[in-house]
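Notes for the one structure printed next.
Each reported figure results from applying straightforward, stated rules to the coordinates on display, with no laboratory input. None of the values given here were measured: they were computed from a predicted structure. Every residue, glycine among them, receives a Cβ derived from its backbone with ideal geometry; neighbour counts consider all protein chains shown.
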Amino acid sequence: MPSKRTQFQQVVEKSASHEARQEAVRELGRMGAIEQLRTLTQTNGIDGPLRRAAVSELEELGATEALETIAESRAVDPAIREQAQR
């Protein structure tokens, strides 16, 4: 079974296909990797759809504290912050 670290690296790997990166985000959600998902939402250079998928996974996990942190962070894209507030 891949580790949280391996899945995170897959998401940030630019040479990986979009599908592989998207699946890695879903796998992080299945693993309950709240910290890694939160970091993805705040990482510059990660495509918007992947950041939104990370927020969706956090919502599925009920990670209220992480979502509040994202919603309050001025370093996060406004659209991502708005999604985290819902």
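Any idea what the dipole of the chain comes to, in debye rounded to 20, about its Cα centre with Lys/Arg Cβ at +1 and Asp/Glu Cβ at -1?
On the way: 12 positive and 14 negative charges, 36 e Å.
My answer is approximately 180 debye.
Checking the a/c ratio against 1.5 first, then a/b against b/c, what shape does the Cα gyration tensor give for the chain?
Here the chain falls in the oblate category.
For the peptides 52-58, 2-8, what is the packing order when you average, over each peptide's residues, the other Cβ atoms within 10 Å and list the highest mean first? Before the final figure, lay out the partial values.
Details: 52-58: 23.1, 2-8: 15.0.
Highest-to-lowest ranking by the protection proxy: 52-58, 2-8.
State, to one decimal in nm, how far the label point of R86 lies from the label point of R26, with both points 7 Å from Cα in the Cβ direction.
1.9
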